[in-house]
Amino acid sequence: MPFDTLNTPTLLLDKDVFEENCRVMQERAQEAGVKLRPHMKTAKALEAYHCATKDGFDGITVSTLAEADFFASGGVTDILYAVGIVPSKLSQAQRIQDKGVKLTLISDNPDAISLLDDEAKKLGTTFPILIEIDSGGRRGGVLTDSQELLNLAKAITDSQCLSLEGVMTHAGHSYHFSTPEEIAEVAEQERRAVVSASERLLDAGFPCPVVSAGSTPTAVFAKSYEGLTEIRPGVYMFGDVDQMFIGACKQNEIAATVLTSVIGHNKTANRLLIDAGGLALSKDISASEFSSHTGYGLVCGVDGGVIEELYVESVHQEHGLIASVSGDLPYEKFPVGSRLRILPIHTCMTCAGFPHYEVHSAEGELLGKWERVNRW
């Protein structure tokens, strides 16, 4: 049987599917005339970086300084840390820079700029800064038409140790919609917000060489990239059940699955017990209107084929409970000790529970491990 040498739960990665997903997005970016700066917050593996940037731009996006340090040690020289920076983290950022990296930081707070500048002076270093724009996600960023945008630009350009690199945004609210048409509208909202911000800066005499946007849904469904210089999707490399429901990927384009063992039959509750619980699968559930029988993951056989009747109905820390859509479970097909694979609802959170990927071919041959960086 494939994977019979592996302990469970473990994180599997289909290398053939992963590489094809990377190729398709790289081709999309090149046809649009923008750089693909893939977000590595899901992948967190050096081999994934090489796949995602093959034949394209070498720059990446990260969401922790530990990721930045990990990839810098692996030879990456252009990194965007796409989380608001605070002065106490600048010394860590400087150590990454000292590895020969252009490390770009982001900010949405004019008051923070003077503090960052003071800290950079103490460290004897400089940093490029992107201004974060709120394009509708209401998480971080300044509004395109706000005075705060111009105040930020002035504060950065007036500083001694910071330089204005441009603007960036992330349409995280694209994940709240379920049709290509709705997501295409969000993609256009995202594009207009960040491009308009860049135009305001240029009209006011500020430099703005970088105009950066991106999420997997908006990268897939955008009708125009005009005015953007780069896009930053990340989960496209893997896909997941949520992405499948919104049409951003197909089921056979989901690259990561969790291998699990059947550890019990609860015939009173009419459930199969598995050893993949909330820590292995995450506790994210699908927000899709089509997801009433997906729970915490779809169930596959060891060969990767979806068992349409089954889904992970609930999870505890180290237990998962599989239910049947019809209510009837054929226990004889799934004896204790047999193995299943789970398609994750949100692969970013699922992958976060594992130290490495067990990489395999489409035929199930184990090819090796890809180590992940799981810390801050």
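Looking at Ser261, Ser291, Ser215, just one residue is modelled with pLDDT of 95 or more and among the hydroxyl-bearing types (Ser, Thr, Tyr), and that residue is Ser261.
Count of the range 187-230 residues, restricted to those that are among the aromatic types (Phe, Trp, Tyr) and free of Cβ contacts under 8 Å to residues at least 24 places away in the same chain, is 0. May I ask you to say which residue of Ile96, Ile60 is farther than 18 Å from Thr216 by Cα and aliphatic (A, V, I, L, M)? That would be Ile96, the only listed residue that is farther than 18 Å from Thr216 by Cα and aliphatic (A, V, I, L, M). Can you report the number of residues in the range 335-376 which are open to solvent by 20 Å² or more (accessible area, probe 1.4 Å), over 24 Å from Pro2 (Cβ atoms) and not in a helix (DSSP H, G or I)? Selection size over the range 335-376: 5. Considering the range 39-48, the residues that are surrounded by 20 or more Cβ atoms within 10 Å (Cβ to Cβ) and in contact with a strand residue (DSSP E or B) (Cβ under 6 Å, 6 or more places away or on another chain) include one that is farthest from Met168 (Cα to Cα), namely Ala45.
Would you check if there is a residue in the range 58-79 being touching a residue at least 60 places away in the same chain (Cβ under 8 Å), of a type in the set (Val, Ile, Thr) and more than 30 Å from Ala362 (Cβ to Cβ)? Yes, there is a match, as at least one residue in the range 58-79 is touching a residue at least 60 places away in the same chain (Cβ under 8 Å), of a type in the set (Val, Ile, Thr) and more than 30 Å from Ala362 (Cβ to Cβ). Against the test of being on the phi < 0 side of the Ramachandran plot and open to solvent by 50 Å² or more (accessible area, probe 1.4 Å), the options Thr53, Thr61, Thr77 yield a single qualifying residue, Thr77.
Could you identify the single residue in Thr10, Thr42, Thr64 that is hydroxyl-bearing (Ser, Thr, Tyr), more than 15 Å from Glu230 (Cα to Cα) and over 16 Å from the mean Cα position of the chain (by Cα)? From the options Thr10, Thr42, Thr64, the qualifying one is Thr10. For the range 126-155, the tally of residues that are open to solvent by 10 Å² or more (accessible area, probe 1.4 Å) and either outside any helix (DSSP H, G or I) or touching a Pro at 6+ places or on another chain (Cβ under 6 Å) (or both) stands at 16.
With respect to (1) more than 27 Å from Met40 (Cβ to Cβ); (2) part of a loop (DSSP other than H, G, I, E, B), the lone exception for Glu313 is condition (2). For Glu332, the requirement of being open to solvent by 30 Å² or more (accessible area, probe 1.4 Å), assigned to a strand (DSSP E or B) and not polar (S, T, N, Q) is not met. Residues in the range 167-183 that are surrounded by fewer than 21 Cβ atoms within 10 Å (Cβ to Cβ) and not in a helix (DSSP H, G or I) were compared, and the one that is farthest from the chain's Cα centre (by Cα) is Thr179. The condition of being under 23 Å from the mean Cα position of the chain (by Cα), under 18 Å from Ser178 (Cα atoms) and among the hydroxyl-bearing types (Ser, Thr, Tyr) does not hold for Thr257.
The values are calculated or read from the model by the stated rules, or taken from the named source; none is laboratory data. Source: prediction; values computed, not measured. Quick reminder, even Gly has a Cβ in these numbers, built from the backbone with ideal geometry, and neighbours come from all protein chains shown. For accessibility, only protein heavy atoms count, side chains too; no ligands or nucleic acids. Shrake-Rupley method; radii C 1.70, N 1.55, O 1.52, S 1.80 Å.
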